[in-house]
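Everything below concerns the one structure shown next.
The values are calculated or read from the model by the stated rules, or taken from the named source; none is laboratory data. Because the structure is predicted, anything quoted here is derived from the model rather than measured. Here the Cβ positions follow ideal geometry from the backbone for every residue, glycine too, while neighbour counts run over all protein chains shown.
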Amino acid sequence: MNRRFLLGALAAAIIALVAGFVLGLSSKQDDPVPVKTAKPVFIAKYQYVHRTKRKVDFRVSSGTLRGAPRWPVVVVSDKDSLVRPLQSWVITGSAPTGSLRILEGDPGSLLLRAKTGYTYSLKGLYATGDAIGADLYPLGKRLDPSHLPALSKLGVAVPVQYGKGNSRRAIVLVGLRNSWEPRIFGFLAGYSLSQASPGLDRALLGPDKALYRIGASARRLQLVSEPLASRKPWLRESRPLEKCIPWPGGARGTYYGCLGRIELVEPSGVRRVIYVEKGCTPANGYCRGGIGLEVVLPSPDGRTLLVQEGHYACGGEWKTSFLSAGGGELEPTVPAGSFSDSWALGWIGGDSALVAAAAPGECGPPQSGIYLAYRDAPGHANLVLATDSTDAVIWRR
């Protein structure tokens, strides 16, 4: 989705881009200057400079590469220095839209838009010492809720925050087709998720405080509930587990996610433990609150559980796994060690589940985003949307 570096013939151009960009900017501290080459590799058109106490902490330049004018390129560079070269972070857009105008924002989030209307949110901006980075999250074009494009039969709606102070809200619509190939249709400005119970079938909350669902066949948002002033955007939060939480398991009974273990209460009333976290025993109170199996979601056929495990030390850490309904070992949904956290969203098909995952640092792949994980290939997941959001719902038709 978010192409950090262009592939193939553009790879060499990007290397030259960084070198040329550095030489051009290191000659002056405050104002942008043209790159000192006869034919610059990077053609900068827009710029954002962040200053602290009259010093440049970092600058963001937006433009295109010579020879590839359709592909947007964003360069984040650290403070000016004549002692050492500038550190630069190069990001390319996910669609051939031309250069991106920097519209608004602050050091935490910038809003960029192409002439075509295709919009991005640039987040994670930082420049400390020799480290520098950022992430470019696509939103697509702004959509008219009363005249939606021809949506795919299955899709994912992701709530995002963007703009200055992350004060703007929107829902990004991503279609899944051709073996789950994602396609960004665009974003619904001002929309968020409702305060209904967590799940993949929740309604959208409109700016008018009414509830809507995505009518893919009707190609518009359809009213579910009239406006109610008390409604607020629902935020998916992970909190330390304090007691066992029941999760419907169909014909098998009811699963309970508990501290250090997962239990199953069968229809007959028999209660048995099907999974115990290593090191957690009845003698130590099943980890006494340190580890909680806080989400247990059975697959449609009941054979597999999508499990979210919380470690409640030093601020908390969350990871998602697949577990056989009969017990056994947890198998990671996303590549082990590649993400700092992951959250279980729900099953989207018989063999695939939707999870949110956060990258440990913005220093290269993988990207934070919404992923499709596969129980037949644990530890391998496909990116649906690059985003810092940890929630989503789906639509079907």
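Just the residues that are among the polar types (S, T, N, Q), under 21 Å from Leu111 (Cβ atoms) and free of Cβ contacts under 8 Å to residues at least 24 places away in the same chain, please, taken from the range 167-194.
Result: Ser167, single match.
Tell me which residues, restricted to the range 328-363, are touching a Phe, Trp or Tyr at 6+ places or on another chain (Cβ under 8 Å) and aliphatic (A, V, I, L, M).
Within the range 328-363, Leu330, Val334, Ala353, Leu354, Val355, Ala356, Ala357, Ala358, Ala359 meet the criteria.
Cβ contacts < 9 Å: first residue surrounded by 15 or more Cβ atoms within 10 Å (Cβ to Cβ), restricted to the range 267-283; second residue assigned to a loop (DSSP other than H, G, I, E, B) and of a type in the set (Asp, Glu), any location; separation 6+ or different chain. Result?
Tyr275/Glu329
When the range 238-249 is examined, which residues are found to be surrounded by 12 or more Cβ atoms within 10 Å (Cβ to Cβ) and not aromatic (Phe, Trp, Tyr)?
Selection gives Ser238, Pro240, Leu241, Cys244, Ile245, Pro246, Gly249.
Please list, ordered by residue number, the strands (runs of 3 or more DSSP E) wholly in the range 266-318 having 1 or more residues that are closer than 22 Å to Phe339 by Cβ, β-branched (Val, Ile, Thr) and within 28 Å of the chain's Cα centre (by Cα). Spell out how you get there, then give the answer.
Numbers: elements: 271-276, 291-298, 304-311.
It comes to 291-298, 304-311.
Kindly indicate which of Leu143, Leu125, Leu136 is of a type outside the set (Lys, Arg) and touching a His at 6+ places or on another chain (Cβ under 9 Å).
None of the other options fit; the residue is Leu125.
Can you pull out the strands (runs of 3 or more DSSP E) entirely within the range 148-256 that have at least 2 residues that are within 25 Å of Ala381 (Cα to Cα)?
The qualifying strands (runs of 3 or more DSSP E) are 154-162, 168-177, 181-189.
Of everything in the range 299-348, what is surrounded by fewer than 22 Cβ atoms within 10 Å (Cβ to Cβ) and of a type in the set (Lys, Arg)? Give them in sequence order.
The answer is Arg303, and nothing else.
Of all residues being more than 15 Å from Ser321 (Cα to Cα) and hydroxyl-bearing (Ser, Thr, Tyr) in the range 252-285, which is modelled with the lowest pLDDT? Just the residue, please.
Thr281
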